[in-house]
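Down below is the structure, laid out as structure tokens.
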Amino acid sequence: MYDIAIIGAGVVGSAIARELSRYQASVCVFDREEDVCCGTSKANSAIIHAGFDAAPGSLKAELNVRGNAMMDTLSAELDIPFRRNGSLVICTKGQDTDALFQLLEKGEKNNVPGLRIIEREELIALEPHISDDAACALYAPTGGIVCPFEMTQAFAENACVNGVSFFLNTAVTSILKQPDGYLIETVHTDTNLPETFPARVVINAAGVHADHFHNMVSENKIKITARKGEYFLLDKTAKDHVSHTIFQLPSRMGKGVLVTPTIHGNLLIGPTATDTDDKEAVNTTLDGLDTLRRMAPLSVKNLPMRQVITSFAGLRAHESGDDFIIGEAEDADGFFDAAGIESPGLTSAPAIGQKIAELVHKKLSLAEKKDFQPARKGILRPDTLSADERSRLILAHPEYGSIVCRCEMISEGEIMDAIRRPLGARSLDGIKRRTRAGMGRCQSGFCSPRTMEILAREVPMSVFDITKSGVGGAVLKGVAKEL
Amino acid sequence: MIYHDLVIIGGGPAGLAAAVSAKDNGIDDILVIERDKEPGGILNQCIHNGFGLHTFGEELTGPEYAARFIDQVLSRGITCKKNTMAVDFSVEENRKVVTAMNREDGVFQISAGAVILAMGCRERPRGALNIPGFRPAGIYSAGTAQRLVNIEGLMPGREVVILGSGDIGLIMARRMTLEGAKVKVVAELMPYSGGLKRNIVQCLDDFNIPLKLSHTVIDIEGKKRVEAVTIAQVDENGRPVPGTEERYTCDTLLLSCGLIPENELSRSAGIHINSITSGPVVSDALETSADGVFACGNVLHVHDLVDYVSQEAAAAGKNAARFLRKNKTRHQEQIELVAENGVRYTVPSFLRPAEMDDTVTVRFRVDGVYRNHTITVCYDGRPAARRKRPVMAPGEMEQVILRREELALCPDLKRIAIRIEKA
């Protein structure tokens, strides 16, 4: 019997798992996908929000600001790529500046540090490509950018090293109340074999599906709506177009789209916002991509749209009450929700992890572990080394001298590390999210055959079992000259 | 830091031919850097025939064509460092430094007297095409599929839709069919094919594979693996026409929607890039904006036939040798070459009349299909030569040859325009 079972290995589930791994408790995490970070956590704006957007007094406001403040320590402790590039909310000439001042006021109530309104002159000095219509802006120096994949992986790997069991490819089919907790029924998505897991406490971190699990055990029904956001990702050649995260001032036309550098030096444009009934609908649409093309130039001019290398869509878990639902369900003893985690969910995840862990700690009276390992080291990035250090590395480990992904200059050594580390990659997308091999301007055209070869050798596994993103997604259909 | 007179980045058809030519023009100290485990570049996966008619007067497969040049490189004793990636290139005050990396030597720097850029090109990915839909397994660029099938013997799919009628896409329509797959349709966004006429006949018509011009993919279904794609006709602005959608069940979508010269190293060295070709701006000597740095092959502009790559690379090799032999002062006098009226670009972009060879081949592509038109060469606005062509299309490279003796008759010439005119 597990003390604690967590449903969902996104950034929230993984952050919770890591916080709980500080305690003497048996913890497991279920996810239906083949890897951590496969839902909302992998397709979002990759922003650490300053925290001026949420309503004062809301959980969103509290956890956003707290999560933001935790990032410097976390980034150092868990080796998460993170930078405070600052954010700007642009007010254009036709827009009401009152709305901008209201945002400033909200931010101050939320205790966001360093907020101030800047005028056009200073704005242009900060961002030469800002729209000619930009009049002034709200500047938030604590806004940041992060790698959401590595943030999730870091939490999960560290949790794993500290004893948390991850059951991937494992879909939870039902949760049954028992006298001493819950019985969780699952099915393995690859083998279709059922398996049940008893647990004293269940934590629901299932993203857009959190209402499904909550409603299995509680009469106080909740509804999560999947709100689709589409994005364009531009090549690194476009990276200097803006240096801050550029938001548009929310208006009757909607929240607007942002333009931001990513932590790895691409340019990201998005998201749209359309509610969808289909919680699997991570497809982009003609309309959505058109909307981005129309909206983005409202704040940033001369966007080099010829440099688009990919587009993608993610689903945010929007809850009707418009706030996070965090805590034990009133009528389900030992069932904790971390539900409705939409923006600023990524920013808030570390604080959500802490908050849930405190609640569960209180519930189960857990003792702290003496040998908790707080540090995690990410994949060695040879491009952060000097030429001499890199040569010495290659001398000791020649695999770092073979470049597999020529666009992102990723070596065989990094790919081997991604496969061999805790909760290592088992798919092409898993390798891509860990190393960036295949994430560059050719979008894996050149490197995927080589990456497959390395994956097959290292796991080891048959090349025919290699998938892009898990069960049902085999890359190959057989051998040549076979009918 | 080690030094070589000539460093050639890339051991594909361009780099190999450039090396042979430089050697034959008197340069002994040559290093070719090749990222793959064998030289030959993309030819190694082009196992179909049709290569070499111009160069060798016979039809060869890609690997055979490459082998001829590899033999020439080996027999001349030219050094080729394989499995070696050029990771940086810088030009500062005429000091040319290539930083490279491999398993044996680690990271090392090479100072070069002259450099020839021959890095080739890459395929335009799905994201750059703005095709909406899911992102499952089963979407490959045609070249990736070609490598999987021809080199690894692996089948990326069984039921195939191809978007784009570039030559690799056409070749792969035939290859996938021969290997047992069903190719259902080839859709092409433009009202004309981007590939060679002979490939349309031999790879599509001969196998009854329909080619739908002015069509594009507007949706991809399948969360984990491609299950179907929808194609639709497009209007003159490239927008889908409602009501023309056709859904094809398939497990694979191959993309052959254009090639992009790989000039990341050129850019890192500050070399000027032509926005139309995405390749370096070059003189008649194929010299880039950096003195002593030359470019040839698909890194310079995308070619249709490898024979022309070999010719161009030979010229680059010869010119690099000439540069290394005499460090004479440069004549600044230039004649601008301009693409006009139906011509998309020219390579080179300008001539240095005082230094030019007896003849200079100017290569270019047209922007649409032209029947019974002429290629007209104008000297300072005055028509100087006309050549009638029964048909010209964007998929096939065109050329005109300029003669030094003719240009010498116009001493004040500033501008040569190449244009397409009604016959």
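Residue under question is B:Thr61, and the condition is that it be under 24 Å from the mean Cα position of the chain (by Cα), modelled with pLDDT of 95 or more and within 14 Å of chain A (Cβ to nearest Cβ); does it hold? Against the criterion (under 24 Å from the mean Cα position of the chain (by Cα), modelled with pLDDT of 95 or more and within 14 Å of chain A (Cβ to nearest Cβ)), B:Thr61 does not qualify.
Could you grab me the full set of residues in the stretch B:150-167 that are surrounded by 24 or more Cβ atoms within 10 Å (Cβ to Cβ) and either of a type in the set (Lys, Arg) or facing chain A (nearest Cβ under 9 Å) (or both)? B:Pro156, B:Gly157, listed by residue number. Filtered by the rule that a residue be within 7 Å of another protein chain (Cβ to nearest Cβ) and either of a type in the set (Phe, Trp, Tyr) or not in a helix (DSSP H, G or I) (or both), the stretch A:447-470 gives A:Thr467, A:Lys468, A:Ser469, A:Gly470. Looking only at residues in the stretch B:171-190 that are away from chain A (no Cβ under 14 Å) and part of a helix (DSSP H, G or I), the one that is nearest to B:Thr216 (Cα to Cα) is B:Ala173. Quick check on A:Ala474: is it at pLDDT 95 or above and either of a type in the set (Lys, Arg) or within 26 Å of A:Ser311 (Cα to Cα) (or both)? When the stated conditions are applied, A:Ala474 passes them.
Within the stretch B:254-276, being outside any loop (DSSP other than H, G, I, E, B), touching a helix residue (DSSP H, G or I) at 6+ places or on another chain (Cβ under 8 Å) and not basic (Lys, Arg) holds for B:Leu254, B:Leu255, B:Leu259, B:Pro261, B:Ser266, B:Ile273. Please go through the stretch B:83-111 and pick out each residue that is free of Cβ contacts under 8 Å to residues at least 24 places away in the same chain and either more than 10 Å from every other protein chain (Cβ to nearest Cβ) or β-branched (Val, Ile, Thr) (or both). If the condition is that a residue be free of Cβ contacts under 8 Å to residues at least 24 places away in the same chain and either more than 10 Å from every other protein chain (Cβ to nearest Cβ) or β-branched (Val, Ile, Thr) (or both), then B:Val87, B:Glu92, B:Glu93, B:Arg95, B:Thr99, B:Val107 are the ones that fit. The number of residues in the stretch B:99-115 being within 12 Å of B:Met85 (Cβ to Cβ) and of a type outside the set (Gly, Ala, Ser) comes to 7. None of A:Val360, A:Val404 is within 30 Å of A:Ala205 (Cβ to Cβ) and not small (Gly, Ala, Ser) except A:Val360. Please find, among A:Ser365, A:Ser386, the residue that is at positive phi and not aliphatic (A, V, I, L, M). Matching residue, one of A:Ser365, A:Ser386: A:Ser365. The strands (runs of 3 or more DSSP E) falling completely within the stretch A:123-179 that include 2 or more residues that are surrounded by fewer than 20 Cβ atoms within 10 Å (Cβ to Cβ) and not hydrophobic (A, V, I, L, M, F, W, C) map to A:170-178. When the stretch A:123-144 is examined, which residues are found to be without any contact (Cβ under 8 Å) to a residue 12 or more places away in the chain and not hydrophobic (A, V, I, L, M, F, W, C)? Selection gives A:Pro128 alone. Take the stretch A:277-329 and flag every residue that is more than 20 Å from the chain's Cα centre (by Cα) and of a type in the set (Ser, Thr, Tyr). If the condition is that a residue be more than 20 Å from the chain's Cα centre (by Cα) and of a type in the set (Ser, Thr, Tyr), then A:Thr285, A:Thr291, A:Ser299, A:Ser320 are the ones that fit. Would you confirm whether or not the stretch B:365-383 contains a residue that is among the acidic types (Asp, Glu), surrounded by fewer than 18 Cβ atoms within 10 Å (Cβ to Cβ) and within 23 Å of B:Asp304 (Cβ to Cβ)? Yes, because at least one residue in the stretch B:365-383 is among the acidic types (Asp, Glu), surrounded by fewer than 18 Cβ atoms within 10 Å (Cβ to Cβ) and within 23 Å of B:Asp304 (Cβ to Cβ). Candidates in the stretch B:39-57 are the residues that are among the small types (Gly, Ala, Ser) and surrounded by fewer than 21 Cβ atoms within 10 Å (Cβ to Cβ); of these, the one that is nearest to B:Thr177 (Cα to Cα) is B:Gly50. Within the stretch B:296-312, is there a residue that is among the aromatic types (Phe, Trp, Tyr), surrounded by 22 or more Cβ atoms within 10 Å (Cβ to Cβ) and modelled with pLDDT of 95 or more? Taking every residue of the stretch B:296-312 in turn, none turns out to be among the aromatic types (Phe, Trp, Tyr), surrounded by 22 or more Cβ atoms within 10 Å (Cβ to Cβ) and modelled with pLDDT of 95 or more.
Take the residues in the stretch A:471-481 that are touching a residue at least 12 places away in the same chain (Cβ under 8 Å) and in contact with a Ser or Thr (Cβ under 8 Å, 6 or more places away or on another chain); name whichever of them is farthest from the other protein chains (Cβ to nearest Cβ). Ranking the candidates gives A:Val471 first.
Would you check which residues across the stretch B:329-362 are part of a loop (DSSP other than H, G, I, E, B) and under 17 Å from B:Met397 (Cβ atoms) and list them?
Within the stretch B:329-362, B:Gly342, B:Pro348, B:Ser349 qualify.
The set of residues from the stretch A:273-284 being facing chain B (nearest Cβ under 9 Å) and touching a strand residue (DSSP E or B) at 6+ places or on another chain (Cβ under 7 Å) comprises A:Ala281, A:Val282, A:Asn283, A:Thr284. Scanning the stretch B:240-265 for residues that are without any contact (Cβ under 8 Å) to a residue 12 or more places away in the chain and away from every other protein chain (no Cβ under 13 Å) yields a single hit, B:Gly243.
The values are calculated or read from the model by the stated rules, or taken from the named source; none is laboratory data. Worth saying up front: this structure is predicted, and the values here are computed from it rather than measured. Ideal geometry is used to build each Cβ from the backbone, glycine not excepted, and the neighbour counts take in all protein chains shown.
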